[in-house]
1. If you keep only loop residues by DSSP, which GluC sites (Glu not before Pro) in the stretch A:383-487 have at most 16 other Cβ atoms within 10 Å of their Cβ?
2. Figure the gain on full extension for A:W230 and A:E356 (residue separation times 0.36 nm, minus the Cα-Cα span) and round it to one decimal in nm.
3. DSSP loop trypsin sites (Lys or Arg not before Pro) in the stretch B:47-100 with at most 14 other Cβ atoms within 10 Å of their Cβ, which ones?
4. Which trypsin sites (Lys or Arg not before Pro) does the stretch A:169-274 hold that lie in a coil by DSSP with at most 11 other beta carbons within 10 Å?
5. Over its Cα atoms, what ratio of radius of gyration to 2.2 N^0.38 Å does the protein assembly as shown give?
6. Please compute the contact order of chain B in relative form: average sequence separation of alpha-carbon pairs under 8 Å and at least six residues apart, divided by the residue count, as a percent.
7. Taking the Cβ of A:I428 as the centre, find all other residues whose Cβ is under 15 Å away and add up their charges (Lys, Arg: +1; Asp, Glu: -1).
8. Is the C-alpha gyration tensor of the stretch A:87-240 telling us rounded, prolate or oblate? Criteria: a/c under 1.5 is rounded; beyond that, a/b larger than b/c is prolate, otherwise oblate.
Amino acid sequence: MSTYDQAIKKYDPVLGLETHVELSTNSKMFCGCSTEFGADPNKQTCPTCLGLPGSLPVANAIGIESTIRIGLALNCSIASYSRFARKNYFYPDMPKDFQTSQYDEPLCSNGYLDVLVDTDEGTKTFRVEIERVHLEEDTGKLTHAGGATGRIHGADYSLVDYNRAGIPLVEIVTKPVPDTGEYAPLVAKAYVTELRDLLRGLNVSDVRMEEGSLRCDVNLSLTPKGSKTWGTRTETKNVNSLRSVERAIRSEIERQSLELDKGNKIKQETRHFQEDTGTTRSGRSKVVAEEYRYFPEPDLVPIAPDKAWIEKLKKALPEQPSIRRTRLAKEWGFTDLEMRDVATLGGVDLIAQTIEQGTSPASARKWWAGELSGHASKADLELIDLKITPTDVARIDALVNEGKLTDKLARQVIEAVLNGEGNPDEVIKKRNLAVVSDDSALIPAIEAAIAANPDAAAKIREGKVQVVGVIVGAVMKTTGGSADAAKVRELVLKTLGQ
Amino acid sequence: MSDLTKLSAVELSGELSKGSVSAVEVTKAHLDRINSLDKSVQSFLHVDNAGALKQAEEVDKNRKENKKVSALAGVPLALKDVLTQKGIPTTCGSKILEGWIPPYDSTVVKNLKNAGIVILGKTNMDEFAMGSSTENSAYFPTKNPWDLTKIPGGSSGGSSAAVSAFFAPLGIGTDTGGSIRQPAAVTGIVGAKPSYGGVSRFGLVAFASSLDQAGPFARTVLDCAMLHEVMAGHDPLDSTSINQPVPDVVKAAQLQDVKGMKIGIIKELGGDGWQNGVLNRFNESVELLKSMGAQVKEISIPHSLYALATYYLIAPSEASSNLARFDGMRYGLRVDDGNLSAEEVMNKTREKGFGKEVKRRIMIGTYALSSGYYDAYYAQAQKVRALIAQDLTNAFKEVDVLISPTSPTTAWGLGERVNDPMAMYLADLATLPPSLAGIPAMSVPIGLADEDKLPVGLQIIAPFMNDDRMYRVGGAIEASLKTKWNGLLIDQAPALGGAK
């Protein structure tokens with residue numbers, strides 16, 4: 001029995017997820033600086049987001065609205081009176097040495113998100129309860145230079161980029177999720193996936209895990225079966241992809257169970273997920289209670305959202321992703337399983353956009369979930385981050401349907417597009433990849449193939465037309481896949497008197 | 001015009017608009033006086049000779065070209081070193097900010113510049129505005145021009161000393177618990193703390209965000225009102241700024257009439273422990289107001305007894321957070337031998353850069369906000385703060401303004417209270433309740449104490465965003481006393497270095 005199976009037999013995992021979402025507002029949360037990703041260090045700063053003496057914050061109304069919309073989409077109640085609070089601690093990436101956040105008066109609280117997971121007993125719905133959704137500002141970014149590890153310890157010096165400081169950050173905290181058993185890793189992954197799609201649907205964030213606009217911390221504890229008190233939890237940070245969410249929980253279940261089996265206690269601590277090994281390593285110990293000296297931010301006025309306005313926002317919410325998926329699966333003729341695969345890959349919108357351009361649902365799914373998902377997983381990217389657009393995919397599919405590309409050629413075109421060589425038409429021209437359907441160009445190859453396969457040729461002549469594949473295959477091979485297979489078949493049969 | 005420094009802002013404004021004197025001449029006269037006499041008073045931390053003259057030239061040029069200029073264009077001003085002015089050092093009286101040049105103007109400075117007011121330089125203050133004597137400045141103590149062995153009040157003692165020493169007709173201070181009113185009182189000038197949110201705090205280096213408010217100093221009530229009008233107004237860069245028209249303080253200052261006004265004397269502010277000379281002048285003012293037709297009655301503000309305790313929890317709590325950013329990482333002092341960790345650099349920088357009083361308040365505030373103590377201290381103090389505000393709101397149902405002596409004593413001797421923080425804190429006893437309530441209050445001179453012949457101030461408190469009411473009372477008292485004294489109280493101040 002594997003370590004994991006043994007762990008699950010003896011212990012019940014309890015999950016908790018804290019997700020940070022960078023909002024895609026044009027300006028920062030408390031000043032007018034741009035939030036665009038990728039600018040030169042410290043170019044998107046001003047006295048306020050640098051925390052210069054005398055500077056003051058002014059809250060970004062869009063940031064507040066987006067947070068409320070997220071709360072509504074997560075079935076939360078929206079506070080009629082909410083305040084920002086200062087979270088005080090010293091760190092060089094924080095210009096004011098306090099973070100403007102929310103404490104006991106968050107904008108949204110008490111919601112839930114239902115997620116579907118395949119279990120041995122079929123598809124099951126797990127309800128993940130949401131404790132709170134609050135709004136805060138992001139910190140700057142530290143780069144530790146000189147050391148071997150890239151960590152602060154052992155670094156020669158550290159550089160700070162405050163471009164990120166002050167970008168609106170929404171924190172979504174779940175309540176502890178018990179009773180997921182062996183499916184804990186899958187429930188967590190399904191939750192983050194569902195949350196990502198929900199946020200994308202709300203158009204409030206880029207939700208790109210690799211750029212850090214969606215970040216996840218995973219809390220986990222194990223309870224011995226039959227016990228009523230939950231175990232000590234660890235918090236794992238640096239979980240930066242959907243796959244990592246699943247792996248981090250799995251690894252932490254294994255690690256904690258081995259510790260408990262040895263009779264050791266679980267240390268309450270922050271751990272860091274390591275992509276390369278798929279395991280977590282110990283970070284800061286949390287034995288000393290955190291002392292953030294929270295108090296209401298006196299430089300900002302309380303938020304008292306108008307009830308009618310909240311109702312308006314609620315009515316204008318887009319369709320919930322799960323409802324939308326059910327509807328689309330029906331429209332597109334996908335099975336539940338097919339649709340869930342597509343959703344997990346983050347491909348629903350991409351497929352929808354491809355279909356809008358005339359591609360059939362089945363083909364759109366074939367390209368994105370069959371072909372392109374492989375490229376994505378090889379490059380450790382999400383589908384949406386591949387350098388190919390739904391327009392490109394629709395064009396390739398159309399060319400295949402017109403007989404101008406074979407499937408094999410189409411794959412080459414895709415690779416070239418992903419390589420940044422241009423759009424499909426440019427790539428085809430540059431690489432000379434169009435299908436050869438010109439008779440005169442194909443005849444010599446066909447004749448050679450017949451000569452090389454006399455037995456098959458004889459059978460066809462006798463009327464056993466099903467053997468034609470042998471010769472067509474040989475032609476395709478000699479032409480490097482650039483021939484139009486249908487045309488080849490037609491010509492072979494004609495040549496052999498059928 | 002031989003004695004330009006003796007003129008009020010209104011008088012200077014008249015001469016400037018007539019063209020009988022230029023802004024450059026006015027500025028030069030004040031700079032000359034500062035450069036020859038401030039070594040005895042030490043009111044300025046930084047005198048911007050070149051910048052001030054350049055601003056003055058600009059005003060003269062605009063006048064010459066018949067461009068529209070404001071009433072106070074060309075009038076010089078002394079600015080407390082807690083407000084940022086682009087390109088000019090801002091230290092807040094602290095070593096931790098030594099060498100920092102702000103890259104931006106505070107809204108107050110922007111408003112001053114737009115009005116053509118000439119900023120002569122930055123004035124001394126208690127470090128980060130924490131103190132009542134300006135002795136907590138990390139640079140040097142400022143002296144009271146009435147008696148150079150006495151304190152000029154604080155924390156805005158540099159500005160109050162500069163205005164009372166005729167270095168500038170106008171000054172700007174900030175008031176968190178009395179830091180404009182008490183210095184005004186002990187130097188015999190006028191000082192006002194506007195309604196909280198009446199003047200933008202953008203660019204005011206924060207001590208206690210929920211209490212800090214910048215305000216004007218002047219030698220006359222009308223000058224004070226004119227500067228108040230220039231400074232105030234809604235600012236979208238300050239979320240706590242009030243989006244309402246500025247009360248018509250200038251008109252109120254000119255009324256000189258209190259007939260029919262209802263005035264309340266705060267019962268709790270006076271009596272045992274208060275200097276007799278202060279109480280004598282206060283009682284005379286009450287009689288004066290009555291004789292001018294005001295209806296005066298005593299009013300109780302019961303929770304004002306807890307104002308001091310409340311203030312010394314809330315203000316240090318906010319300060320402990322506001323002053324966290326001075327960590328040596330981005331600007332100002334940095335103690336670093338190249339081998340220290342970031343945490344060690346922060347610790348050593350703060351240890352060296354902050355003075356004793358600042359450290360004391362950071363410690364108190366850190367303690368009061370800590371988990372396990374928060375409810376007993378910070379949260380409790382907020383509740384009492386609400387009760388004090390409620391008391392004052394109730395009082396204003398009965399009267400138009402409230403009055404008290406501004407401070408329990410006149411100016412004390414330099415060094416007398418430096419080792420007794422409680423004695424220092426008591427100087428703010430009367431000024432704290434309006435600060436906690438966020439309502440406007442001002443101090444106007446009402447005479448000299450019998451014991452020491454030092455100035456006494458009258459505090460006038462008005463309801464929120466009714467700043468005009470206190471100017472009405474202040475203007476009327478000033479007019480009446482001016483007749484009695486045949487001039488302003490400040491005219492009785494001794495000459496500085498025989499140069500008067």
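1. Counting only loop positions with at most 16 other Cβ atoms within 10 Å, the GluC sites (Glu not before Pro) in the stretch A:383-487 are A:E402, A:E421, A:E462.
2. This chain segment gains 40.4 nm when fully extended.
3. For trypsin sites (Lys or Arg not before Pro) across the stretch B:47-100 that sit outside H, G, I, E and B with at most 14 neighbouring Cβ atoms in 10 Å, the list reads B:K67, B:K68.
4. In loop regions of the stretch A:169-274 (DSSP not H, G, I, E or B), the sparsely surrounded trypsin sites (Lys or Arg not before Pro) are A:K225, A:K228, A:K262, A:K265.
5. 1.24
6. Worked out over chain B, it gives 17 percent.
7. Residues close to A:I428 contribute a combined charge of -2.
8. Prolate is the answer for the stretch A:87-240, as a/c is 1.5 or above and a/b outweighs b/c.
Every number here is computed from the coordinates shown, using simple stated rules; none is lab data. Here the structure is a predicted model, which is why all the values come from computation and not from measurement. Note: ideal-geometry Cβ built from the backbone for every residue, glycine included; neighbour counts use all protein chains shown.
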